[in-house]
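Read-outs: derived from the displayed coordinates by stated rules, not from any lab. Since the model is a prediction, treat every value here as computed from it, not as a measurement. Neighbour counts run over all protein chains shown; Cβ positions are idealised from the backbone, glycine included.
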Ligand SMILES: CC(C)(COP(=O)(O)OP(=O)(O)OC[C@H]1O[C@@H](n2cnc3c(N)ncnc32)[C@H](O)[C@@H]1OP(=O)(O)O)[C@@H](O)C(=O)NCCC(=O)NCCS
């Protein structure tokens, strides 16, 4: 999918497409910069490797003039769809790229038969709910729990 966005007084084509192995370096750098999660299971290379083994076609990048400027990852487990790793580089924010990435991922999940999409937001990043609300998401009363199931994740670099 390609869309035209304004950057100041110029317009640029933003292409949203499936991740390819040649994007690895750019995506790792973007995630380290934007998320910087310390847990080994969130190490960007580990995340990409695991995603390439399961539903690799649900990892998307936004590209401007050949550079990766954003990502989103989807997952569908047969019951719910999930959105992860939505990120747009600071220089490209507020142009609608985040929303376009979300719509792209939503369409891919819906095509697979997904009836409802969930996502989680770190409590420290609560302001971003405003972004998701504009896209039709609402805050649901849930307590999110998690458990790490493997001690074999590689240590972070
Ligand atoms: C969230 C994010 C992907 C949005 O990308 P984007 O390309 O700027 O989003 P869009 O241009 O489509 O939408 C922008 C609108 O969403 C809202 N919005 C976006 N980010 C927001 C934030 N952090 N807080 C509050 N509102 C936000 C604003 O209303 C904004 O409108 P404006 O441009 O008129 O100010 C981007 O800010 C980002 O990468 N943030 C860091 C990573 C992150 O928090 N990811 C989500 C994890 S759950």
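So, in segment 80-95, of the ones that are under 16 Å from residue 105 (Cα atoms) and out of contact with any helix residue (DSSP H, G or I) (no Cβ under 8 Å at 6 or more places or on another chain), which residue ends up farthest from the ligand (Cβ to nearest atom)?
80
Pick out, from segment 1-114, the helices (runs of 4 or more DSSP H) lying fully within it that include 3 or more residues that are touching a residue at least 40 places away in the same chain (Cβ under 8 Å) and either in contact with a strand residue (DSSP E or B) (Cβ under 8 Å, 6 or more places away or on another chain) or loosely packed, with under 12 Cβ neighbours inside 10 Å (or both).
Details: elements: 24-34, 44-53, 97-111.
Here the list reads 24-34, 97-111.
Determine whether residue 117 is surrounded by 14 or more Cβ atoms within 10 Å (Cβ to Cβ), more than 26 Å from residue 6 (Cα to Cα) and either in contact (Cβ under 8 Å) with a residue 12 or more places away in the chain or more than 15 Å from the ligand (Cβ to nearest atom) (or both).
Yes; evaluated as a whole, the condition is true for this residue.
How many residues does segment 120-144 hold that are loosely packed, with under 10 Cβ neighbours inside 10 Å and more than 18 Å from residue 87 (Cα to Cα)?
Total satisfying the criteria: 7.
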